[in-house]
Structures are given as structure tokens and as C-alpha cells.
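Step one of this worksheet: look at the structure below.
The values are calculated or read from the model by the stated rules, or taken from the named source; none is laboratory data. Quantities reported herein were computed from a predicted structural model and do not represent experimental measurements. A quick note on method: Cβ atoms are made from the backbone with ideal geometry, for glycine too, and the neighbour counts reach across all protein chains shown.
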Amino acid sequence: MNYPETIEFLYSRLPVFHNIGARAFKPGLKTTLELCESLGNPQNAYPCIHVGGTNGKGSSSHMIAAILQTAGYKVGLYTSPHLKSFTERIKVNGVDADQEFIVKFTYDNLSNIDRLEPSFFELTVAMAFSYFAFKQVDVAVIEVGMGGRLDSTNIISPVLSLITNVSFDHTQFLGDTLAKIAYEKAGIIKENIPVVISEYQEEVAHVFVARAALLNSKLVFGSRETHVLKVEYGNGKMSLSADNLQGEAHLPVDLELDLTGYYQLKNVCGVLSVIRILNEKGYNISEENVKEALANVVDLTGLKGRWQKLRENPVVYCDTAHNAAGLSYTILQFKSISSSRKRFVIGFVGDKDIRSMLGLFPDDADYYFTQPSNLRALPADELQSLAGAFGLIGKCYKDVNAALYAAIAESEVTDSIYVGGSTFVVADLEEI
């Protein structure tokens, strides 16, 4: 098989969650453990940092990887899903995985695929672990796929765990209360291994505190160690001033971030706590390393789709926020942009809580309802009907790019356009 044939085989042979949803969800670690055992347990060949949470785990993973990379370490980074290419999921120092490795790994594991019947995600996790061992990385940053406790990535024994926050998403799998969801996220906390929680949330903090105490895991809340005091925008960057409350004195922190979404202010607090603990564990990461990396995460890691500006006049932003908690931040930020008219190009997958998200959008804007090229997509005409109940009026487009082109064509240069609602809407954009 060549590379295109290999990718086609993986998608057609293995259950893929982002295409078929619940039918591909395979909770539990048994298959991943058996698969990695047959590969010589590559996940044990290097130290790992495990990153979970409802929102922000992808951005946080990329920030941590960028910082470690800038400090001189060879860094593996595993994230999901990808936007454009499967190889985006597995990177070393910001470079996508070699296609030749993916072909060989798949061919070498045909018998394991037949014997164990792994899901697409389970095989991809094992592939990433093997690739990082093959590349002899110094450290790997591993993003949880869903939940934590039963996620395939949870076979690792990390040097540190990070949980960004908890909000409602994937409730059919993780539970219908924040406490239940937090319990699943807390499943990545390991005995005697420190854990950082980026955001202190009163309603779920006790879940993490109890789990950490049970496992003798030192727990830190990032938002209690770093307080953001001032935020400014300019030259495509977000500048922030903060107080670092660790220790006896309040140490000022001045940073520039090229990830400019409001929600990054919460993520960066957790990231800074992670770096502090890594240094306590013997890593050598300077303040200058942190500053340089956070100002250049996109260039260093190739991260896309996080509050990304696509063009000017009219200004177009896209973002992968795909639940009510995430969208609340991006819509607030978009509404703060000075423009003569706001326009929204939105689409969703059908197994999300669509109504809770639609209730966040303003009714004094123009809408272009669309659908991602994904088997789980909510049809644009159904979205249009649902949105009408919230006073959101617009036309339907079955293609994301057609919807965006229509929005641009109908805009004045002083208008602003938001594209999002789903990771897969952003992935379909030709301009990204």
C-alpha cells in the first residue's frame, strides 16, 4: 500500500469516531494495552505529559510542546482530531509524522488489526507512541481524546498531568453533570504524579481534590498561581501582564501570545504551572524560552484554527470551539470587534447539544447555515429550522466554502465574519 491507500484502509477498516460517533466509541484500555504490548510498549521509552480537559487541551498541548521545543528538547506531540492531514496528529518538533512510517506501521500491524479489531483512535494512539520511540524523543505531550479515565491514551505513566477545565460535552459518554464529567477527566491523575488543573471551578474542584488526595498526587490550580491583570492586542499578538503568586513574592509576568483567543488566558495559567513543576523535576526551561515559545506557537507547532484570522476587509475569523462553554468565549470576542455588520457562517455535528449553542448567538446578525463534510453533520436545512426558533435568520449552503464566499460577497469591507460551530467546519475551509 502507498500512503493514500493506507489512509483509505484505516478509514474504511476501522471505526472512526469523528465520522460515525457513538458506534466508534470504544471505552477501556484493554485493546490499547494489548496492542502496545505487542509493539514492545513504546510509550515507556520516554517521559510523557498527559493533557486532558473539556476545552483548551489542544491549545495547551501545543503551548507546552512549543516551550519544551524552544528549550532545546526533542518533543513528540499527539493531538486529535486533525484539520487537514492525518499526519497532523503525530508531530516531532512541529514536523508532521513521516508518511513512510505510517504506511509501514499499518502494514506491520495488519495481523493486530485483524486479531484485536482496534478502533481508529486506538490504532492511532499506538502509532503515535511507536513513532515517538522511533524518533527517540526526549519528551512527549499526549492529548486525551475524550474523557480520560477510559481513554486510550491513559495507558501512559506521565511525569505530570494537566486538566484544563470541565464543561458539558460528550454527555452521552461522560455523564450528564459536571461532577460526573470531572470524575472521568480525573481518571488521568496517577499515584504520586503531580497534576495541574488550569481553571479553578467551584462546582468540580472537590472531585479533583479528592482524587489527588487518594492517590497522593500533588495538585495545583493554575488560576490560583497566576492572575492575569491586563490584556492588550497589537501586531497580531495578545500581550498580557500577570501576577505569579507562587512563593512569597508576587512576581510580574509579561508575555506575548500568538494564540489570541480570550480563552487562552485561562489555558496559559495552567501551562505556566506545568512549566514551573517541570523545572522542579529537573527540566531546564528558562523564562526566555517561555516568552519566545508562547509568542510563536503557530510557527513552532503548526497549530491552526484557534481564533485564526483568515483575511481582512471584511475581517474573517475562524475557531474550532464546538460546545457551549467554548463558543461563549469566541462569540463574546467576536462581538467585541468593531464592525458595521456581523455575519456568522456556522455548522454543527448532529450529536451535540445544538440548542444550548444556538442560544449564544446574537439575533441582530446575518447567518449562513452550512454543514461539514462529515457523516455526523447536522444538515444545513435542519440547522436553519432550529436556528429560526432563536431568531437567527439566514440561507442554507451544503458546502462550508460556498457559505463563506456568499458571506464575503454580501459584506461591506467594514463587516466581520465568524466561521465555526464545529472543528469539522473549520477543517473544511480552503483558506486555512
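Values computed for the structure shown
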{"read-out": "Some residue of the stretch 248-260 being assigned to a helix (DSSP H, G or I) and either over 30 Å from Cys318 (Cα atoms) or not hydroxyl-bearing (Ser, Thr, Tyr) (or both)", "value": "no"}
{"read-out": "Residues satisfying the stated conditions in the stretch 27-44, i.e. of a type in the set (Gly, Ala, Ser) and either outside any loop (DSSP other than H, G, I, E, B) or crowded, with 16+ Cβ neighbours inside 10 Å (or both)", "value": "Ser38"}
{"read-out": "Residues of the stretch 82-134 that turn out to be of a type in the set (Lys, Arg), surrounded by fewer than 17 Cβ atoms within 10 Å (Cβ to Cβ) and either in a helix (DSSP H, G or I) or at pLDDT 95 or above (or both), as a count", "value": "2"}
{"read-out": "Residues located in the stretch 138-157, provided they are assigned to a helix (DSSP H, G or I), crowded, with 24+ Cβ neighbours inside 10 Å and either out of contact with any His (no Cβ under 8 Å at 6 or more places or on another chain) or without any contact (Cβ under 8 Å) to a residue 12 or more places away in the chain (or both)", "value": "Ser152"}
{"read-out": "Residues of the stretch 207-241 satisfying the condition of being under 17 Å from Glu184 (Cα atoms) and charged (D, E, K, R)", "value": "Arg211"}
{"read-out": "Number of the condition not met by Gly58 [criteria: (1) modelled with pLDDT of 95 or more; (2) outside any loop (DSSP other than H, G, I, E, B); (3) more than 21 Å from Asp428 (Cα to Cα)]", "value": "(3)"}
{"read-out": "Test: residue in the stretch 236-244 that is in contact with a strand residue (DSSP E or B) (Cβ under 8 Å, 6 or more places away or on another chain), modelled with pLDDT of 95 or more and surrounded by fewer than 17 Cβ atoms within 10 Å (Cβ to Cβ)", "value": "yes"}
{"read-out": "Residue satisfying all of: in the stretch 271-307; farther than 20 Å from Pro47 by Cα and small (Gly, Ala, Ser); surrounded by the most Cβ atoms within 10 Å (Cβ to Cβ) among these", "value": "Ala293"}
